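Novice: Below you will find the structure I want to go over with you.
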Amino acid sequence: MVNDLSLFSDNEELQEVATSEIRYLLMPALLGYFTLKRTTQDRYNVITKAKVYYRDFLRLCKLYGITQIELATEMEHNENADARVAPAGRTPPDLLAMSNIREQKIERYKKQKQTEDKLKELYSEVQKSHVDDEVKRDYYTTLLKKWVNTSLDEIDSISMELPILEHMAKVKGQNKVTQPPGKDRQKQPFHPFIITKTQLQKQVFGAGYPGLPTYTVEEFYENKVKEGDFPAPDQCLHSKPSNQEQTKTEAPEDQDEEETAEALQKARDWDDWKDDHRRGWGNRQNMG
């Protein structure tokens with residue numbers, strides 16, 4: 001909308017812009033800020049679009065003399081952040097460049113604190129019923145300077161995040177290529193259905209629920225075999241039992257043999273005891 005109305009021109013200065021229209025210079029920065037808040041879209045596209053908005057905002061601020069930052073030089077520093085510190089074992093890091101960048105960030109942070117303190121004072125003045133036009137212009141100009149520093153910080157963060165996202169996309173692409181063909185089949189959404197034991201039950205339940213598919217147990221199993229979820233019946237018949245299953249089947253046989261031998265020995269011992277001890281021996285109660 002701002003572009004359609006042509007509120008700003010490359011041939012004018014900030015003094016020529018009406019006080020009520022200065023705040024609209026913030027539009028690109030606010031668009032970049034709220035674009036970064038999106039979580040439902042692809043992250044790479046989100047930060048790329050936000051970076052375009054921030055760059056456009058810095059271009060406008062440089063054009064109207066709000067900041068003296070050279071856009072191309074600043075962007076070179078941010079986009080080549082990974083080149084400042086080279087990987088270990090290849091080339092030594094550029095310590096001088098790292099020191100300069102650190103000093104710039106410290107200086108930017110100090111200016112940001114001063115700008116925020118000034119904004120608080122001007123905001124209380126702007127909230128009054130009668131405000132001078134110069135106070136309003138000073139407030140909007142200070143607000144623009146604050147967002148200049150914010151935009152530079154956001155662009156620096158985006159420049160560090162972009163290589164990570166590119167690497168992640170490359171890794172995902174490699175995994176997709178090496179993935180087996182059988183795993184590439186998309187999972188079908190679940191739809192309710194009815195399973196019956198016999199064909200007669202299928203006809204009965206199918207008549208009562210015409211909107212739901214009805215299968216017998218055999219038909220359901222055949223469909224799953226076609227989809228590759230269940231093994232075919234011939235594969236189940238020819239499959240060899242595992243070692244664990246063999247031990248499970250062999251264990252009861254050994255256990256039965258042991259129990260039979262133990263019971264036989266116990267019966268023999270009992271017969272020997274009865275031979276040596278007649279019935280009633282030792283029970284002399286009430287027998288005089």
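Novice: Extension gain K37-E16, at 0.36 nm per residue separation less the Cα-Cα distance, in nm?
Specialist: Numbers: separation 21, 0.36 × 21 = 7.56 nm, distance 3.40 nm.
The K37-E16 span can extend by a further 4.2 nm.
Novice: Would you tell me the accessible area of H277, worked out with a 1.4 angstrom probe on the heavy atoms of the protein chains, in Å² to the nearest 10?
Specialist: 80 Å²
Novice: Also, quick follow-up: Using mean Cβ contacts within 10 Å as the protection proxy, how do 126-134, 34-42 order, highest first?
Specialist: Values: 126-134: 9.2, 34-42: 11.6.
The densest-packed peptide leads the list: 34-42, 126-134.
Novice: Please compute the length gained on full extension between Q174 and L119, using 0.36 nm multiplied by the number of residues separating them and subtracting their Cα-Cα distance.
Specialist: Working: separation 55, 0.36 × 55 = 19.80 nm, distance 5.03 nm.
Full extension from Q174 to L119 adds 14.8 nm.
Novice: So, R0 is 22 Å and r is the distance between the beta-carbons of V135 and R102; what FRET efficiency does that work out to, to 0.05?
Specialist: Details: r = 36 Å, r/R0 = 1.64.
Efficiency for this residue pair is about 0.05.
Novice: Also, quick follow-up: Between I164 and Y24, what length comes free when the chain is fully extended (0.36 nm per residue of separation minus the Cα-Cα distance, one decimal in nm)? Display every interim value, and only then the final one.
Specialist: Values: separation 140, 0.36 × 140 = 50.40 nm, distance 3.37 nm.
Extra length available between I164 and Y24 comes to 47.0 nm.
Novice: With each pseudo-label sitting 7 Å past Cα toward Cβ, what's the K62-Q127 distance in nm, one decimal?
Specialist: Output for this residue pair reads 3.7 nm.
Novice: What distance in nm separates the simple spin-label points at T260 and Y44, each placed 7 Å from Cα in the Cβ direction?
Specialist: 7.1 nm
The values are calculated or read from the model by the stated rules, or taken from the named source; none is laboratory data. Keep in mind it's a predicted model, so treat the numbers as computed, not measured. Backbone-built Cβ (ideal geometry, glycine too); neighbour counts: all protein chains shown. When the accessible area is computed, the model is the full protein with side chains, heavy atoms only, and any ligands, DNA or RNA have been set aside. Shrake-Rupley method; radii C 1.70, N 1.55, O 1.52, S 1.80 Å.
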